[in-house]
Amino acid sequence: MTSRKRSGSGSTKRPKEKVVYIYELLCRGEDPSSESPEFWNEFFLLQPNFEALENEIGKLNSDQLQLVKPNLNTLFQRCIEMLDTDHPKRLCNSLQTLCSFFYGIFKKSNADPTFNILNEIFGHEKMDEWLKLLMQYCNRILLGDVPENARFMCLKLLQVLVTGTDNVNQNALFEHLMMHSMFDAFVRLLSDPTFRTQHGHDIVILLTILVNYRKHEATNPYVVQLSILADELALNGYGQMISQSLIDFCRQYIQSLNNVQSSSWFSSLSNIVGNMFVSDEGCERVQQIKANNGLLLALYEAVHLNRNFITTLAHTQAESSAPPSPSNTLSLAQPVPDLTNTPIIDITQYPTNLLVAVFQYCSIVMQDNKNESSIANLKLCFLILTCISEDQYANSMMHDNNLTFKVMLHRAQMRHRKLNVDRVGKSQPLAATLLDLLVEFIVSHLMKKFPMELYLLCIGVIHRILCYQKRCRVRLNYPWKELWSALIGLLRFLVNQEQTLVKKCNIFHLSLQVVNIFNLFITYGDTFLATTNSYDELYYELNREEKVFTEIHAMVLRYTTMPDCEYKEDVIKLLNSLVNILAIVKHFQNKIKEWLAEQGLSTPTEEQILDVVRKNYDLTLKLQDSLDQYERYAETPLHTNFFKLMVRDVVNDTRKHIYGYVKEAVSVIPDQEVLLTTSMTSGTAGTANAPTPTTAVPEAKA
């Protein structure tokens, strides 16, 4: 005699969703559509279960895969056919099912290297035919009159396709995506303010990944089309998506600083102690910096490939929405509010255009130098600045005295200097702000784990700016003494740390780049220095720090006698580049000693030394060649591996976000419409045994 089980007992199982039951039938090789000609119309009224379909595909072994291949093929084709429907619910559900389907297929393929997505599931010929149709429908959905959630899900589907494998060059679907380009649809969406606000981020990330598919191995239509894009609205929209992300990051950083300053000393101490036990890669700011890799990479591709994009760098970015004016929000019956205690928002703290946003963002990222993610992000920033500093139009814009900005550059706290409380600088041309940024990097990264590559990129940007000024005779009003002091401090560090650094990197090449910047000032300074006093100050600094140059000369002479020195070529070049600086130092040291002897002084003032310099320019210097020339930036072969890893990070990060978005997505369709369609299909002849969309089925026994 059996006892009746109580309702609500632990043995009662929750009814299984009907869509999950159908997934199980499909993945067991059964045909759930055999008894109902309207099965697929009803199936696409069911809300997809992203996780369930992905799991069912993941459970299949090689033998089971062969058994259910026809069903998977049918599901794939039915989803694509349903993209031609006018029914919004079915359209969104078919897109979401495709997202889950491809996500599960790629996950299975990545877990099992022997599994070939093209051959095992579809076959090359069928895949090309159906993917071509898929791209046509996606193009129609993106540009057509459809619900916005359908457009959103269509872009997510495309992101699923391009992020299927960590290495984009190994993604078998990319060849089909190249043959059926979606570039024109992306451009039209970026040109429209409404669509750009809703979908701009997804489009920019898609373009960035697509551009990096076999970029240097074969003709990539996305590279070609992006490089010749001249649509000003689309380019502005592209830049606006990047600037909004960077501006938001800067705003969050400033707010975090304000929160720290307003908190008590005890809570600040607690945060410091707590951060000691958190890994660098896992801390919140590092993750925020890493999240910007995709849009920074998009900015790099734009400035590297498209000269037309440079014109958008200084365009003021308008906010997507503005608060209503007081006249519209107050009625006559309401009293006028007291605004005396209202906090004042300093708009100068926040960037106003893309270039300003990049500079401020770089100043923040520079302060995180203890982990590989931040270093890679900063390297990408320097490569962007390198491309910008090589462009004639960008330089003319940055040196325009009529185009000035107040930019907040954040500076790292250091023991040997006191930070200014007012972090917003004076209004100045962007070239001056860029030099401030580079000087800050030079003085704040002199550490045992020396970032040689970043320093070479930094010095390279400075050199390009000076070459432009010399070539175009632009006299930037800038306190050059700060730059000279920073460069001399760098040389001093290299000399003092020679024994440690020479085993790890080529310090002679970096020293040569720094010394040549001084030679550029010495030889051509009359073409770009703003005042004649600048020359006097340059020679004063060289003589004040003569010990640094003497020590470098001694170090170089020592290495010239070493037969096994691996940097012999750079050592010889550095030795030759020091000729003029040593001649200047020797000449003025003798003149200063003579003057001190005549005056009977031992400790002259700065003004007295400057006066001696002004009266003793009677020296002959050697004319050095190619000081105002540099090797144009090229991505290959030096940075190829770096960008492969960067694209891999962007792909992984995008894939993680897609999973969350699609899993939680719900097609927002009025219930009445769904119920009406359900009742119509349920009354169709031959569908009595078919499951209806509004019911659930109990879990089947094995």
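The values are calculated or read from the model by the stated rules, or taken from the named source; none is laboratory data. Keep in mind the model is a prediction, meaning the values are calculated, not measured. Here the Cβ positions follow ideal geometry from the backbone for every residue, glycine too, while neighbour counts run over all protein chains shown. To get the accessible areas, we keep the full protein, side chains included, count just its heavy atoms, and leave off ligands, DNA and RNA. Shrake-Rupley method; radii C 1.70, N 1.55, O 1.52, S 1.80 Å.
Using heavy-atom solvent-accessible surface (probe 1.4 Å) with all chains present, what is the largest-first order of Ser181, Ser374?
Reading off the accessible areas and sorting them downward yields Ser181, Ser374.
Please list, by residue number, everything in segment 147-189 whose backbone N is under 12 Å from a paramagnetic label point 7 Å out along Cα→Cβ of Ala218.
It comes to 169-180, nothing else.
Probe radius 1.4 Å, ligands and nucleic acids left out: which of Asp625, Asp231, Asp570, Asp86 has the largest accessible area, and how do the rest follow?
If we order Asp625, Asp231, Asp570, Asp86 from most to least accessible, we get Asp86, Asp625, Asp231, Asp570.
Treating cross-link reach as a plain straight distance, find the lysines whose alpha-carbon is under 26 Å from the alpha-carbon of Lys426, omitting any fewer than eight places away in the same chain.
Lys406, Lys418, Lys470, Lys481
Would you mind checking Lys504/Lys586; Lys503/Lys573; Lys449/Lys547; Lys290/Lys547; Lys18/Lys156 for any pair whose Cα atoms are more than 31 angstrom apart?
In this structure, Lys504/Lys586; Lys290/Lys547 lie more than 31 Å apart at Cα.
In nm, to one decimal, how far is the modelled label at Arg475 from the one at Gln589, with both set 7 Å along Cα→Cβ?
3.3
Calculate, for segment 153-245, the solvent-accessible area per residue in square angstrom, rolling a 1.4 angstrom probe over the heavy atoms of the protein chains.
Details: 3190 Å² over 93 residues.
The answer is 34 Å² per residue.
Given the pairs Lys89/Lys132; Lys16/Lys107; Lys379/Lys656, which span a C-alpha to C-alpha distance of over 28 angstrom in this model?
On the way: Lys89/Lys132 23 Å; Lys16/Lys107 24 Å; Lys379/Lys656 24 Å.
Flagged as over cut-off: nothing, all pairs pass.
What accessible area per residue comes out for segment 525-610, rounded to a whole number of Å², with a 1.4 Å probe?
53
Taking the full set of protein chains and a 1.4 angstrom probe, give the accessible area of Phe152 in square angstrom, rounded to the nearest 10.
Estimated to the nearest 10 Å², Phe152 gives 60 Å².
When only the heavy atoms of the protein chains count and the probe is 1.4 Å, how do Glu51, Glu35 rank by accessible area, highest first?
Sorted by accessible area, descending: Glu35, Glu51.
Suppose we keep just the alpha-carbon trace of segment 426-523; what are its Rg and Dmax in angstrom?
Rg, Dmax (Cα atoms, Å): 13.8, 44.
With θ taken as phi - 60° and the coefficients 6.51, -1.76 and 1.60, list the Karplus ³J(HN,Hα) couplings across segment 86-97 in order, rounded to whole Hz; mark glycine and proline as x.
9, 7, x, 5, 5, 4, 5, 5, 5, 5, 5, 5
Leaving out same-chain residues fewer than 8 places away, which lysines sit with a Cα under 19 Å from that of Lys126?
Lys69
How much solvent-accessible surface does Tyr659 expose, in Å² to the nearest 10, with a 1.4 Å probe and all protein chains in place?
For Tyr659, solvent-accessible area is about 50 Å².
With all protein chains present, how much of the accessible area of segment 519-637 (probe radius 1.4 Å) comes from carbon and sulfur, to the nearest whole percent? Working shown, then result.
Working: 3270 of 6650 Å².
It is 49 percent, rounded to a whole number.
Using only protein heavy atoms and a 1.4 Å probe, report how much of Thr560 is accessible, in Å² to the nearest 10.
40
Using the basic label-point model (7 angstrom from Cα toward the beta carbon), what is the Glu598 to Lys370 distance in nanometres?
That separation, rounded to one decimal, is 5.6 nm.
Any aspartates and glutamates with Cα under 16 Å of the Lys370 Cα? List them, leaving off those in the same chain fewer than 8 positions away.
Filter leaves Asp280, Glu281, Glu284, Glu453.
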